[in-house]
RNA sequence: GGCGACGUGGCGGAGUGGCUACGCAGCGGCCUGCAAAGCCGUCUACACCGGUUCGAUUCCGGUCGUCGCCUCCA
């Protein structure tokens, strides 16, 4: 178990992970609002925190990874109304789609995936605590958090309360004592087809409170790592942090870890912009998976550092696919078993890179160096270290052999080509090779004779 | 305007006060009947201007440019 540090948004520094209980870590990553299929940008935190969990587990930690689903929200109501379906129906349908889409990443599931609608008791009681302690107040069936009553407000996002926009024109502003206050509970509106009982009447939770409640109920407070996209720092995480600290007198989390945005080349411009539904430039996860495959997509993500923005494009994915091919190619000549001791420093460098702010590009450096050495080696090389490294990155399947059955016609073409080669009829041999390629098989002549591989 | 971050070789992308990142692409070579794969070599990188320093891509200041947040957003 080595010392692991991560960039913490609160302090702005790379800080050492110091668990409440040695050897145990809780991770909470904010998941999607389910009003549509998730896109590649939504997938980034899922991938990053799934892999971070893998790394911590590898280092001997017992990890509880929680990724929530927001299934009550204005957008869900709006979308459902527009489509003439019940909001609960839309939410459960899209939750199922989210599960299926992320399942296709083949990274396993988080340990808990709580739904806001199934955490109502905890949400209501957390709001009650805030009302009792004077940090929140009821107004017309709504409940608001009193931002100015919490002096630390702004510490996470490094904002000064007095310098913030006053949120003019925001719906419900007339019910607030201060424009900065945000809703913990929203009274039921006639246009909404779901509502829950509360001490303040029928209604539903505000966005931020659900995460505080879900995180606390599954991980407790002051847990190790709270993550999500950098666009959530304000107001979402700022508010979560304020609510929990105000209600419980303890911080919500020890480290606040945020991933950079996925960008898309902007039409007709040199620069890029964030992938977002509101911009209309999304590439849905399931489309990306079928277009490029999960291996290339995972490689694409780990080729960049989690905190930096990444540009999603066909060129980038093609590069990732090429990198995948290089590793898989090397794997073909490895043998099961322990790796040479002299490769050990690469394994160490790999793990060290991840221990220092989860630097996956730097870790990949060791992977590729390992691959080059193995390719250069004369005898058979044991695959254990490479398998271990790839496993942490969710790419262990690159070492699995292509299981595809070679169809008889391809075998016949291969044999025919061998006969042509034996007869030194090169034009015919090359013609047969082209024919094979057309049927999806690539011939590779090696010391042990020809080999057929699925054409790439 | 406020807050945060970034500008590295053809492209992507790490990193460091002085020494080969790595991947992709290109070029030359080895291997091969030719390929493919692999290996070797190669392509004089750190936005600009000042400052600190024996020495800065790396530290400090400024300029220009880019991105994110400040409203729902992973």
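Of the residues in segment A:11-26, none is near RNA strand B (Cβ under 9 Å from one of its atoms), assigned to a helix (DSSP H, G or I) and either touching a residue at least 24 places away in the same chain (Cβ under 8 Å) or out of contact with any helix residue (DSSP H, G or I) (no Cβ under 8 Å at 6 or more places or on another chain) (or both).
The rows are residues; the columns are (1) over 45 Å from the mean Cα position of the chain (by Cα); (2) surrounded by 14 or more Cβ atoms within 10 Å (Cβ to Cβ); (3) assigned to a loop (DSSP other than H, G, I, E, B).
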residue: A:405; (1), (2), (3): no, no, yes
residue: A:411; (1), (2), (3): no, no, no
residue: A:416; (1), (2), (3): yes, yes, no
residue: A:420; (1), (2), (3): yes, yes, no
residue: A:424; (1), (2), (3): yes, no, yes
residue: A:429; (1), (2), (3): yes, yes, no
residue: A:435; (1), (2), (3): no, yes, no
residue: A:443; (1), (2), (3): no, yes, no
residue: A:453; (1), (2), (3): no, yes, no
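Of A:155, A:171, which residue is modelled with pLDDT under 95 and within 26 Å of residue A:90 (Cα to Cα)? Write out each step before concluding.
Working: A:155 fails: within 26 Å of residue A:90 (Cα to Cα).
Only one candidate qualifies: A:171.
With respect to being within 11 Å of RNA strand B (Cβ to nearest atom), part of a helix (DSSP H, G or I) and in contact with a strand residue (DSSP E or B) (Cβ under 7 Å, 6 or more places away or on another chain), residue A:323 falls outside the description. Give just the number: which of (1) in contact with a strand residue (DSSP E or B) (Cβ under 9 Å, 6 or more places away or on another chain); (2) more than 12 Å from RNA strand B (Cβ to nearest atom); (3) part of a helix (DSSP H, G or I) does residue A:347 not satisfy? Condition not satisfied by residue A:347: (1). Looking at segment A:180-189, is at least one residue within 11 Å of RNA strand B (Cβ to nearest atom) and either over 26 Å from residue A:274 (Cα atoms) or assigned to a helix (DSSP H, G or I) (or both)? Looking for residues that are within 11 Å of RNA strand B (Cβ to nearest atom) and either over 26 Å from residue A:274 (Cα atoms) or assigned to a helix (DSSP H, G or I) (or both), one finds at least one in segment A:180-189, hence yes.
Here's the yes/no breakdown for (1) within 10 Å of RNA strand B (Cβ to nearest atom); (2) out of contact with any strand residue (DSSP E or B) (no Cβ under 9 Å at 6 or more places or on another chain):
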position: A:386; (1), (2): no, no
position: A:393; (1), (2): no, yes
position: A:412; (1), (2): no, yes
position: A:444; (1), (2): yes, no
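Have a look at A:330, A:353, A:318 and point out the one that is surrounded by fewer than 18 Cβ atoms within 10 Å (Cβ to Cβ) and either outside any helix (DSSP H, G or I) or on the phi < 0 side of the Ramachandran plot (or both). First the steps, then the outcome.
On the way: A:330 fails: surrounded by fewer than 18 Cβ atoms within 10 Å (Cβ to Cβ); A:353 fails: surrounded by fewer than 18 Cβ atoms within 10 Å (Cβ to Cβ).
Going through A:330, A:353, A:318 in turn, just one is surrounded by fewer than 18 Cβ atoms within 10 Å (Cβ to Cβ) and either outside any helix (DSSP H, G or I) or on the phi < 0 side of the Ramachandran plot (or both): A:318.
Can we say residue A:159 is under 26 Å from residue A:227 (Cα atoms), out of contact with any strand residue (DSSP E or B) (no Cβ under 6 Å at 6 or more places or on another chain) and without any contact (Cβ under 8 Å) to a residue 60 or more places away in the chain? Taking the combined requirement at face value, the residue does not satisfy it. The residues of segment A:33-69 that are more than 27 Å from residue A:364 (Cβ to Cβ), in contact with a strand residue (DSSP E or B) (Cβ under 7 Å, 6 or more places away or on another chain) and within 16 Å of RNA strand B (Cβ to nearest atom), listed by number, are A:33, A:34, A:37, A:66, A:69. In the condition set (1) farther than 21 Å from residue A:212 by Cα; (2) over 26 Å from the mean Cα position of the chain (by Cα), residue A:124 is compliant with all but (1).
Among strands (runs of 3 or more DSSP E) lying entirely in segment A:240-303, which contain 2 or more residues that are within 22 Å of residue A:12 (Cα to Cα) and within 12 Å of RNA strand B (Cβ to nearest atom)?
On the way: elements: A:253-259, A:262-265, A:272-274.
So the answer is A:253-259.
Is there a residue being buried (at least 17 other Cβ atoms within 10 Å of the Cβ), in the same structural domain as residue A:188 (by TED's automatic domain parsing) and not in a helix (DSSP H, G or I) anywhere in segment A:116-127? Yes - at least one qualifying residue is present in segment A:116-127. State which residue is surrounded by the most Cβ atoms within 10 Å (Cβ to Cβ) when the search covers only segment A:304-314 and only residues that are free of Cβ contacts under 8 Å to residues at least 60 places away in the same chain and near RNA strand B (Cβ under 6 Å from one of its atoms). Checked segment A:304-314; the qualifying residue surrounded by the most Cβ atoms within 10 Å (Cβ to Cβ) is A:304. For segment A:148-161, filtered to residues that are over 14 Å from residue A:12 (Cα atoms) and within 11 Å of RNA strand B (Cβ to nearest atom), the residue that is surrounded by the most Cβ atoms within 10 Å (Cβ to Cβ) is A:161. From the list A:67, A:91, A:29, the lone residue that is within 26 Å of residue A:191 (Cα to Cα) and not assigned by TED's automatic domain parsing to the domain that holds residue A:309 is A:91.
Would you point out which residue out of A:432, A:436, A:398 is within 13 Å of RNA strand B (Cβ to nearest atom) and in contact (Cβ under 8 Å) with a residue 40 or more places away in the chain?
Selected residue: A:398, the only one of A:432, A:436, A:398 that is within 13 Å of RNA strand B (Cβ to nearest atom) and in contact (Cβ under 8 Å) with a residue 40 or more places away in the chain.
Only a single item in (1) within 13 Å of RNA strand B (Cβ to nearest atom); (2) in contact with a strand residue (DSSP E or B) (Cβ under 6 Å, 6 or more places away or on another chain) is not met by residue A:175, and it is number (1).
The values are calculated or read from the model by the stated rules, or taken from the named source; none is laboratory data. None of the values given here were measured: they were computed from a predicted structure. Note that we place each Cβ from the backbone using ideal geometry, even for glycine, and neighbour counts take in every protein chain shown.
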